[in-house]
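Novice: Have a look at this one.
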Amino acid sequence: SAAAAPGIPGTMDPAIRSAIEVLHAQSRTKVSVLVSGGASQSLAWLLSVPGASSTIVEASAPYSREAVADMLGLSECLDKSVSVDASRRMALAAYRRSVRFAPRGSKHVGLGCTCSLVSTVPKRGPHQCVISTVTADSWTDVSIDLAKDKRTRWEEDETASRLVIASLWGACGLPEHERPFSVGLAEGDGTLQVSSSPEAGVEPPLDAAARQRRLLRRLAAAGARGAQPPERVQLCEFYGGAVAVNASRARVVLSGSFNPLHEGHKALLRQGALLKGLDPVEDACFELSIANADKGALTVDEVERRVAQFRSPDFQAAIAVTARPLLVDKAQLFPGAAFVVGWDTAVRLVNPEYYTAEGGGLLGALRQIARLGCSFIVAGRLGEGGRFFGLQDVDIPEAYRHLFVELPDFRMDVSSTELRR
């Protein structure tokens, strides 16, 4: 019976059910959850309350250290499985998967939880639960040591699961005083440790313009390489009033300065997406780099002016803003994507003069791009002497020709440079 007392295997506290019903009603918020070592009941609770499909993108429990490492894209297992570092990495991975698989325009929450609970062999270390949540604007870490010899394994798992639901409640922006259940801590448990980014729980929330400016400033300051995500902003993708940070669902990307955006840009991205059998709105995006290898960095005011072109009354599209001027660096932010480029960009891409020996030169860059699963769609362009140049005019190293395909039957002789004149 759902109304049975909490703590009995197979039951759900009615207060937890009520909270999850409220969470599932936040239909614009999409949630991805990764738990390891415990809190498994939280997944069953989230998925067994009607309405889960409107909220839950993914709910997974990689359990072995190797499975967790694989989920995080790591070549080696984490040094410490139960730690803020581990839960933060899991939350970031969950957030990115929510962005990747949920519709554009959603608000995303990624949650990572890692536990060390009662086992068949008594543990010398503490019984712990560490949870991190990540959104576009903020992150929060919660951790607690549970009193030993106070609970069964099921009861410790339930306490960890309650903490997961409470963390999701806060990450979805719901007021803590309205949460209908308690976490259920017992005598002897440690103090609940909570740390958050400065933006977490800010009231009232920033409007879209203020939020955009704050994120762009953080992106512009990301040249200080000390911080890592989520503190360090590497990519902001704007679509209407929604934003995704350090993640994108784009499988086709058109990079440019867009000064100004013109019909050729729009047609190029659309045709590139269709060539791959993808949705030009959901699966593709434009990309603008704050940094430019030849012209220096753009100001935040100038970036905002250019971004505004992508949400006009007549045209709306996803625009990702990065600080990566080189395609080999952009590929790290868009793994698996096909970059749509003009003939002239493709020529520069395979020009050895743009690469250093320290980075492995041109072949090293192409090797890295291939390893990330990225490729290129090349559109022909009008060049010197009025000649139309295409993929056949690009001198690509033989071992990497498979990374390049031509965009057939495409020609629009328009350029931003000409439009500015």
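Novice: Tell me which residues, restricted to the range 45-83, are within 18 Å of Leu111 (Cβ to Cβ), among the aliphatic types (A, V, I, L, M) and in contact with an Asp or Glu (Cβ under 8 Å, 6 or more places away or on another chain).
Specialist: Val49, Leu78
Novice: For residues that are open to solvent by 40 Å² or more (accessible area, probe 1.4 Å) and part of a helix (DSSP H, G or I), scanning just the range 346-369, find the one that is modelled with the lowest pLDDT. First the steps, then the outcome.
Specialist: So in the range 346-369, the residues open to solvent by 40 Å² or more (accessible area, probe 1.4 Å) come out as 347-348, 351-360, 363, 367-368.
Among the residues that remain, those that are also part of a helix (DSSP H, G or I) are: 347-348, 352-354, 363, 367-368.
Details: Val347: 95, Arg348: 93, Pro352: 93, Glu353: 91, Tyr354: 87, Leu363: 96, Arg367: 97, Gln368: 96.
Step by step, filter the range 346-369, then rank; the result is Tyr354.
Novice: Identify all residues within the range 261-306 that are out of contact with any Leu (no Cβ under 9 Å at 6 or more places or on another chain) and either open to solvent by less than 40 Å² (accessible area, probe 1.4 Å) or of a type in the set (Ser, Thr, Tyr) (or both); write none if there are none.
Specialist: Hits for the range 261-306 are Leu261, Gly264, Ala267, Ala273, Asp283, Gly296, Thr299.
Novice: Let me ask another. Would you say Val341 is assigned to a strand (DSSP E or B), over 22 Å from Ala221 (Cβ atoms) and either open to solvent by 50 Å² or more (accessible area, probe 1.4 Å) or touching a residue at least 60 places away in the same chain (Cβ under 8 Å) (or both)? Let's see the steps before the verdict.
Specialist: On the way: assigned to a strand (DSSP E or B): yes; over 22 Å from Ala221 (Cβ atoms): yes; either open to solvent by 50 Å² or more (accessible area, probe 1.4 Å) or touching a residue at least 60 places away in the same chain (Cβ under 8 Å) (or both): yes.
Against the criterion (assigned to a strand (DSSP E or B), over 22 Å from Ala221 (Cβ atoms) and either open to solvent by 50 Å² or more (accessible area, probe 1.4 Å) or touching a residue at least 60 places away in the same chain (Cβ under 8 Å) (or both)), Val341 qualifies.
Novice: Next up: Quick check on the range 322-337: of everything there that is out of contact with any helix residue (DSSP H, G or I) (no Cβ under 7 Å at 6 or more places or on another chain) and of a type in the set (A, V, I, L, M), which residue is farthest from Cys285 (Cα to Cα)? Break it down stepwise before answering.
Specialist: Quick first cut of the range 322-337, residues out of contact with any helix residue (DSSP H, G or I) (no Cβ under 7 Å at 6 or more places or on another chain) only: 325-326, 329-330, 332-337.
If we keep only those that are of a type in the set (A, V, I, L, M) as well, we get 326, 333, 337.
Details: Leu326: 17, Leu333: 13, Ala337: 10 Å.
The residue in question is Leu326.
Novice: Out of the residues in the range 287-314 meeting the condition of being within 24 Å of the chain's Cα centre (by Cα) and polar (S, T, N, Q), tell me which one is modelled with the lowest pLDDT.
Specialist: Here the answer is Asn292.
Novice: Which ones in the range 40-99 are in a helix (DSSP H, G or I), open to solvent by 40 Å² or more (accessible area, probe 1.4 Å) and in contact (Cβ under 8 Å) with a residue 40 or more places away in the chain?
Specialist: Residues satisfying the conditions are Ser40, Val84, Arg96, Arg97.
Novice: Condition (residue is of a type outside the set (S, T, N, Q), more than 18 Å from Arg104 (Cβ to Cβ) and in contact with a Ser or Thr (Cβ under 7 Å, 6 or more places away or on another chain)) applied to the range 302-323: is it met by at least one residue?
Specialist: Yes, there is a match, as at least one residue in the range 302-323 is of a type outside the set (S, T, N, Q), more than 18 Å from Arg104 (Cβ to Cβ) and in contact with a Ser or Thr (Cβ under 7 Å, 6 or more places away or on another chain).
Novice: Can you say whether Val35 is modelled with pLDDT of 95 or more, touching a helix residue (DSSP H, G or I) at 6+ places or on another chain (Cβ under 7 Å), under 27 Å from Arg232 (Cβ atoms) and open to solvent by 10 Å² or more (accessible area, probe 1.4 Å), as far as the supplied structure shows? Don't jump to the end; show me each part of the working.
Specialist: Details: modelled with pLDDT of 95 or more: yes; touching a helix residue (DSSP H, G or I) at 6+ places or on another chain (Cβ under 7 Å): yes; under 27 Å from Arg232 (Cβ atoms): yes; open to solvent by 10 Å² or more (accessible area, probe 1.4 Å): no.
No: the conditions fail for Val35.
Novice: Just one of (1) basic (Lys, Arg); (2) assigned to a loop (DSSP other than H, G, I, E, B); (3) under 30 Å from Ala208 (Cβ atoms); (4) free of Cβ contacts under 8 Å to residues at least 60 places away in the same chain trips up Arg104, so point out which.
Specialist: Of the numbered conditions (1) basic (Lys, Arg); (2) assigned to a loop (DSSP other than H, G, I, E, B); (3) under 30 Å from Ala208 (Cβ atoms); (4) free of Cβ contacts under 8 Å to residues at least 60 places away in the same chain, the odd one out for Arg104 is (4).
Novice: Right, next: Being at pLDDT 95 or above and of a type in the set (Asp, Glu) is the filter; apply it to the range 131-154 and report the residue that is nearest to Cys113 (Cα to Cα).
Specialist: Restricting to residues being at pLDDT 95 or above and of a type in the set (Asp, Glu), the top hit is Asp141.
Novice: Now, a different point. Can you find, within the range 117-163, the residue that is nearest to Val183 (Cα to Cα) among those that are small (Gly, Ala, Ser), open to solvent by 20 Å² or more (accessible area, probe 1.4 Å) and more than 23 Å from the chain's Cα centre (by Cα)? Let's see the steps before the verdict.
Specialist: We begin by selecting, within the range 117-163, every residue small (Gly, Ala, Ser); these are 119, 125, 132, 136, 138, 143, 147, 160-161.
Then drop every residue that is not open to solvent by 20 Å² or more (accessible area, probe 1.4 Å), which leaves 119, 125, 138, 143.
Applying the additional criterion that residues be more than 23 Å from the chain's Cα centre (by Cα) yields 119, 125, 143.
On the way: Ser119: 22, Gly125: 23, Ser143: 13 Å.
By that ranking, first place goes to Ser143.
Novice: Out of contact with any strand residue (DSSP E or B) (no Cβ under 8 Å at 6 or more places or on another chain), open to solvent by 50 Å² or more (accessible area, probe 1.4 Å) and polar (S, T, N, Q): is that true of Gln332 in this structure?
Specialist: On the way: out of contact with any strand residue (DSSP E or B) (no Cβ under 8 Å at 6 or more places or on another chain): yes; open to solvent by 50 Å² or more (accessible area, probe 1.4 Å): yes; polar (S, T, N, Q): yes.
In short, yes.
Novice: Consider only pairs whose beta carbons are under 9 Å apart and that are at least six residues apart or on different chains; among these, list those whose first residue lies in the range 359-386 and is within 14 Å of Leu327 (Cα to Cα) and whose second residue is of a type in the set (Gly, Ala, Ser) and in a strand (DSSP E or B).
Specialist: Note: pairs meeting the criteria are Ile369/Ser375; Cys374/Ala338; Ser375/Ala338; Phe376/Ala338; Ile377/Ala338; Val378/Gly342.
Novice: Go through (1) open to solvent by 10 Å² or more (accessible area, probe 1.4 Å); (2) within 18 Å of the chain's Cα centre (by Cα) one by one and return the number of the condition Gly112 breaks.
Specialist: (1)
Novice: So which residues in the range 370-379 are open to solvent by less than 10 Å² (accessible area, probe 1.4 Å) and either more than 18 Å from Asp344 (Cβ to Cβ) or part of a loop (DSSP other than H, G, I, E, B) (or both), if there are any at all?
Specialist: Residues of the range 370-379 open to solvent by less than 10 Å² (accessible area, probe 1.4 Å): 374, 376-379.
Correct list: Cys374 only.
The values are calculated or read from the model by the stated rules, or taken from the named source; none is laboratory data. None of these values were measured; they are calculated from a predicted model. Glycine gets a Cβ as well: all are built from the backbone with ideal geometry, and neighbour counts include every protein chain shown. Surface areas here come from the heavy atoms of the whole protein model, side chains and all, with no ligands, DNA or RNA. Shrake-Rupley method; radii C 1.70, N 1.55, O 1.52, S 1.80 Å.
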